[in-house]
Amino acid sequence: MGTTAVPSSMDVSIPLGDQKGDGFAGHPNPKDMDAGALFVLKSRGSWWHCGYHLTTSIVAPVLLSLPFAMSLLGWVAGIVCLTLGATVTFYSYNLLSLVLEQQAQLGQRQLRFRDMAHDILGPAWGKYFVGPLQFAIFMFIYLLYKPDGKMQLYQLITMFGGLTLLLAQVPSFHSLRHINLVSLVLCLAYSVCALGGSIHIGNSANAPPKDYSLVGSRADRLLGAFNGISIIATTYASGIIPEIQATLAPPVKGKMFKGLCVCYSVIVTTYFSVGISGYWAFGNQSKGTILTNFMGEAKPLLPIWFLLMTNIFCLLQTSAVSVVYLQLTNEVFEKKFADPKMDQFSVRNVVPRLIARSLSVVVATTVATMLPFFADIMALLGVFGCIP
């Protein structure tokens, strides 16, 4: 039975064609779609692809800060916060995906967080809070790695920005499916390295003294606890559900739940193993990232080749994470500068795409050189954006 799209407060209302049973038989009419939705958020993915995208958007080298977060909370509170974070965010993400499915069935398909904020909070909040926060998180991705060797931070960021500049030209979210599968494997790889390194150091003769007490005055411990909670919240609360769900091919019913199960199987495996093993090995001496602890005070506690391999895994996976979050800005640029009536790869659309995406990476790279304080920025973003 045909349906007519119900007007929405979104900029674009997308007719969904015929609906059958558990999903949608038809695709959105391209004539009614803006270029951002048509070119960047193509609806062609499977639930496996959804799982890859979700994992890359949430699981990143930020998880290497979990031992530091636990050192601010202690064993009981740390494990409780990790468990609550996983439970609450899985439930919230799944609930959000169900709401998006229902809205789509009503003819009000919402492809972006900004669309949801526009309808729920009003135009001002959608434009001036949710959008800038997403872009701030995208900028933050460039802070996921900080060298402690001879290489200067600005040198590493320049190299990383160059790689991201190339990956930024990937045309659509769906085109990232193979990159994000590699990203999933990489996050498992450096998590195994962090787990193995922590166990090795903790059992070695050069193991640091294990002290699990909370340090500082009562006020310092209280502020530290909020800091730890914010870091944990930030590591969980970065899933871009609407944009990823928009990439699923119809019918979409049940696909997001399967994708979330793939994602959270990786999350539970990596977050708990890295957080618990790192805190067990270093106690309240855990640094902003576990890799800093591996470097030791006078000399590395692990072989140089092992540290180099782990850092390469982190750097490559961070590149994939960056490209996922670039889709938020890419979609905005396509919507503003591209012509949906022309082919995606026509000169008219390719030239503005190349210029806009390249400039966004250059600006983000420049900002990253000014904000090198890794764990503190994680906590700040968690306070303002992820805990609420």
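Report ³J(HN,Hα) in whole Hz for each residue of segment 349-357, in order, from the Karplus equation J = 6.51 cos²θ - 1.76 cosθ + 1.60 where θ = phi - 60°; Gly and Pro get x.
Working through the residues one at a time gives 9, 5, 5, x, 5, 4, 5, 5, 5 Hz.
How high is the FRET efficiency between LEU166 and ARG44 when r is their beta carbon distance and R₀ equals 22 Å, given to the nearest 0.05?
Calculated value: 0.45.
Using only Cα atoms, locate the centre of segment 257-296 and the centre of segment 151-230, then give the distance between them in Å, rounded to an integer.
Value for the Cα centre distance between the two parts: 8 Å.
Convert each backbone phi in segment 320-334 into a coupling constant with the Karplus relation 6.51 cos²θ - 1.76 cosθ + 1.60 (shift: θ = phi - 60°), then list the ³J(HN,Hα) values in order as whole Hz, x for Gly and Pro.
Each residue's phi maps through the Karplus curve to give 5, 4, 4, 5, 4, 6, 5, 4, 5, 6, 4, 5, 5, 5, 5 Hz.
Using a 7 Å offset from the Cα along the Cα-to-Cβ direction at both ALA219 and VAL192, what is the distance between the two label points in nm, to one decimal?
4.8
Can you work out ³J(HN,Hα) from phi for every residue in segment 41-52, in order, using Karplus 6.51 cos²θ - 1.76 cosθ + 1.60 and θ = phi - 60°, giving whole Hz and x for Gly and Pro?
Calculated HN-Hα couplings, in order: 9, 5, 8, 10, x, 9, 5, 5, 4, 4, x, 5 Hz.
When the accessible area of segment 218-293 is split by element with a 1.4 Å probe, what percent falls to carbon and sulfur?
On the way: 1660 of 2490 Å².
The nonpolar share, carbon plus sulfur, comes to 67 percent.
By how many nm would the segment from ILE199 to ASP119 grow when fully extended, if each residue of separation counts as 0.36 nm and the alpha-carbon distance is taken off?
23.9 nm
For GLY45, which sequence-distant residues (separation of 5 or more, or a different chain) have an amide H within less than 5 Å of its own amide H, given hydrogens modelled in the peptide plane?
Those lying under 5 Å, H to H, from GLY45 are LEU248, ALA249.
If you filter segment 264-339 for GluC sites (Glu not before Pro), then keep DSSP loop positions with at most 12 other Cβ within 10 Å, what is left?
Counting only loop positions with at most 12 other Cβ atoms within 10 Å, the GluC sites (Glu not before Pro) in segment 264-339 are GLU297.
Could you list, in their original order, any pairs among LYS42/LYS341; LYS42/LYS258; LYS42/LYS336; LYS258/LYS336; LYS253/LYS341; LYS253/LYS336 whose Cα atoms are separated by more than 22 Å?
LYS258/LYS336; LYS253/LYS341; LYS253/LYS336
Give the dimensionless ratio obtained when the Cα radius of gyration of segment 176-226 is divided by 2.2 N^0.38 Å.
1.82
The values are calculated or read from the model by the stated rules, or taken from the named source; none is laboratory data. Quick caveat, the model's predicted, so the values are computed rather than measured. Reconstructed Cβ throughout: ideal geometry from the backbone, glycine too, with neighbour counts over all protein chains shown. All accessible areas refer to the heavy atoms of the entire protein, side chains included, with ligands and DNA or RNA removed. Shrake-Rupley method; radii C 1.70, N 1.55, O 1.52, S 1.80 Å.
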